[in-house]
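This report concerns only the one structure given below.
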Amino acid sequence: MGNLFDFSQAAQLLSLGFVQTALIAGAVLGLVAGVLAPLIVARNMAFSVHATAEIAFSGGAAALLLGISVGYGALGAAVIIAIVLGLLSRRDTERDSVIGVLLAFGLGVGVLLLSLYTGRSSNKFGLLVGQIVGVDSSSLALLVGSSVVVLVVLAVIYRPLRFASVDREVAIARGVPDGWLTVVFAVLVGVATALGVQTVGSLLVMSLMITPGAAANRVTANPVLATVLSVVFAEVAIIGGIVLSLPTSVPVSPFVTAISFVIYLACRAIGGVRTTPILAART
Amino acid sequence: MTAIKAGVADARAADGPHPDEPAVRLSGASLHYGRRVLWDALDLSVRPGEFVAVLGPNGSGKTSLLRVLLGRQPLTSGTVRVAGAAPGVGNRRIGYIPQQRVLDASVGLRGRDLVGFGLDGHRWGTGIGGRRARRAAVDAVLDAVGATDYANAPVGRLSGGEQQRLRVAQALVGDPDVLLCDEPLLSLDLAHQRAVSDLIDQRRRAAGTAVLFVTHEINPILPLVDRVLYLVDGRFMIGTPADVMTTETLSALYRTRVDVVRVRDQIVVVGAAEAGDCEHPHHVSA
């Protein structure tokens, strides 16, 4: 254990520029993922986030092969697949099968592209499990810029989107444009997922996009509080994960997923003990 | 409990529908799905404050009628006006109580959030601003339907009857001129059936809201109903319950022998398979 968690070494590492860049990237990602997660959970979109992440991986693989930035490749692929999923899956009954079909094909393409790539194998590994300390200033600019766009768009559509997410029939009757809100939200999730692929990797992005929201929903039904908790959980997971991984040779993602999972278990336990919500404070 | 009324009747007179205009008017209205005729040449005019029950077997187009009024389904022919306008999604003068669907326990939503959506859920933005005004309106309607006690509990953990009270509050918080209810009593016990239908009745008496109440079971609302629209197989009959709920009228509508028996203050329909049985939609053809 002494070698795995050497905290004096970690403190030293924290003063390094690339580590600070990684922490900023993690904090921004935690904010975006934390805000989106309760909505993703309310809309039952866990599987579509998984599919979007895997296809963002294929986009990243294509970018590696073409020699362009992995971030742009992942982003482009995630946005395209988000639009396709949003348009094709308006009927709940066929949503899962459509996602499954596209996920399998997209992942196959990704594996092919990766096998054609002859560069550094750590780049390949990084796509799957993340390479947050490899985030440079241009990727950070992309990450921050995209995050601002996601949060601004979400602020505009937030209330009708939540209405349609939990109470679709009445929302449509009240004039909420559920059809295109579904597509817009899928694109927002796609962008956030692509950003996550770069940092925690496509295999584990769900630990930031789903788990914090699922955990928050276990302990409160207050939507504002659920969003705040979800952001806190996501930040603790990603920042904690980065700090804990620093003195080790292990990627950040196992730490992020472990912290996320522990938070989720704790929230389940709390939510199970109390049948009434402990945090149902009025807003 | 305070009376269910948001008290803007005066303000409404200026910009609302003409007082003499019916709350709902269908003229020569037909709805066909392909070759199937749900109803044909339907003329129906509902006055403000009137309580109209829409009855009929499954598949007779009761819910489709509500979809037409909500602007989600165009008529095949004929004209329709609702609350002073052509139907269109997002008509704020319409309150809508959907067919009961128990909300998922995992969804993070309190009773007051569900009700608040009825007030301003369609508006853009985060909803963080204007919370005080919304809170007052939501509190008032929660009190009116007697749901204050569980307003902060997760909706998914409430009973069907409690959820349905919240549904009524959600439909009323927008101060509607027309209230469209799709089987709002389904799967409720007798006490809750009475409580929910009384809430709707109070509203239409206090605020002159016209009520279209789709149901397969008229007895729980029989004392409240002004008129019945009875749909069967493309045919229909409109009139008071005393006119429509008779052996002669229903036998003619169903084109088979149907007996209508009054037992105490209940109406029992024998021979029309829909009576109290919505599990077998194909029972209807005699």
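Values in this text are rule-based calculations from the coordinates and carry no lab data. These numbers come from a predicted model, not from an experiment. All Cβ positions, even for glycine, are placed from backbone atoms using ideal geometry, and neighbour counts span all protein chains on display.
Cα centroid separation, segment B:195-250 to segment B:22-60: 13 Å. Projecting the alpha carbon convex hull of segment B:9-283 along each direction and taking the average yields 15.4 nm². Stokes-Einstein, applied to the Kirkwood radius of segment A:158-269 over Cα pairs at a viscosity of 0.890 mPa s and 25 °C, places its translational diffusion at 160 µm² s⁻¹. Rounded to the nearest 20, the Cβ-based charge dipole of the protein assembly as shown about its Cα centre (Lys and Arg +1, Asp and Glu -1) stands at 560 debye. From helices alone, chain A scores -26500 deg cm²/dmol at 222 nm; the rule is -39500 (n - 2.57) for each run of n ≥ 4 DSSP H residues, then divide by the residue total.
Separation of segment A:77-151 and segment A:157-196, taken as the distance between their Cα centroids, equals 21 angstrom. Rounded to the nearest 5, the antiparallel percentage of DSSP beta bridges internal to the protein assembly as shown is 55%. Between segment B:103-153 and segment A:33-66, the alpha-carbon centres lie 31 Å apart. Placing dummy labels 7 Å off each Cα toward the beta-carbon, the span from A:Leu87 to B:Gln266 is 5.5 nm. Couplings for segment B:33-39, taken from phi via the Karplus curve 6.51 cos²θ - 1.76 cosθ + 1.60 with θ = phi - 60°, read 10, x, 8, 6, 9, 7, 7 Hz in order; Gly and Pro are left as x.
Backbone phi angles across segment A:187-200, fed through the Karplus curve with coefficients 6.51, -1.76 and 1.60 (θ = phi - 60°), yield HN-Hα couplings of 5, 4, 5, x, 4, 4, 4, 4, 5, x, 4, 5, 9, 9 Hz in residue order; Gly and Pro are listed as x.
Residue farthest toward the positive end of the dipole of segment B:139-286, with Cβ of Lys/Arg at +1 and Asp/Glu at -1: which of B:Leu142, B:Val244, B:Ile200? Most positive-ward Cα: B:Val244. Overall form of the protein assembly as shown: prolate. Here a/c, set by the Cα gyration tensor axes a ≥ b ≥ c, is 1.5 or more, and a/b is the larger of a/b and b/c. Here the sum of -39500 (n - 2.57) over DSSP H runs of 4 or more residues, divided by the residues of chain B, equals -8500 deg cm²/dmol at 222 nm, to the nearest 500. Taking every DSSP bridge with both residues inside segment B:9-283, close to 55 percent are antiparallel.
Multiplying the residue separation of A:Ile80 and A:Val149 by 0.36 nm and removing their Cα-Cα distance gives an extension gain of 23.1 nm.
For a test of the definition: using alpha carbon positions, the gyration tensor, and the 1.5 limit on a/c, classify chain A as rounded, prolate or oblate. Verdict is oblate for chain A. Of all the options B:Ala137, B:Ala242, B:Ala272, the one that moves most in a Gaussian network model of chain B with Cα springs shorter than 10 angstrom is B:Ala242. Comparing B:Gly49, B:Gly78, B:Gly118, which has the greatest mean-square fluctuation in the GNM of chain B with Cα pairs linked when under 10 Å apart? Comparing B:Gly49, B:Gly78, B:Gly118 in the GNM, the peak value goes to B:Gly78.
Taking label positions 7 Å along the Cα-Cβ direction at both B:Asp143 and B:Asp198, the computed distance is 1.9 nm, reported to one decimal. Of the residues A:Ile263, A:Ile80, A:Ile172, which exhibits the maximal mean-square fluctuation in a Gaussian network model of chain A defined by a 10 Å Cα contact cut-off? Evaluated over chain A, the most mobile residue of the options is A:Ile172.
Spin-label model, B:Ala133 to B:Glu248: label points 7 Å out along the Cα-to-beta-carbon direction sit 5.6 nm apart.
Computed over segment B:201-264, the alpha-carbon pair-distance distribution with 5 angstrom bins reads 4, 15, 25, 26, 15, 8, 6, 2, 0, each value a whole percent. Legend: calculated FRET efficiency, B:Asp20 to A:Val228, from the Cβ-Cβ distance at R0 = 45 Å, rounded to 0.05, equals 0.30.
Please state the shape class of segment B:102-206: rounded when a/c is under 1.5, otherwise prolate if a/b exceeds b/c and oblate if not, all from the C-alpha gyration tensor. It is oblate, given that a/c is not under 1.5 and a/b is not larger than b/c.
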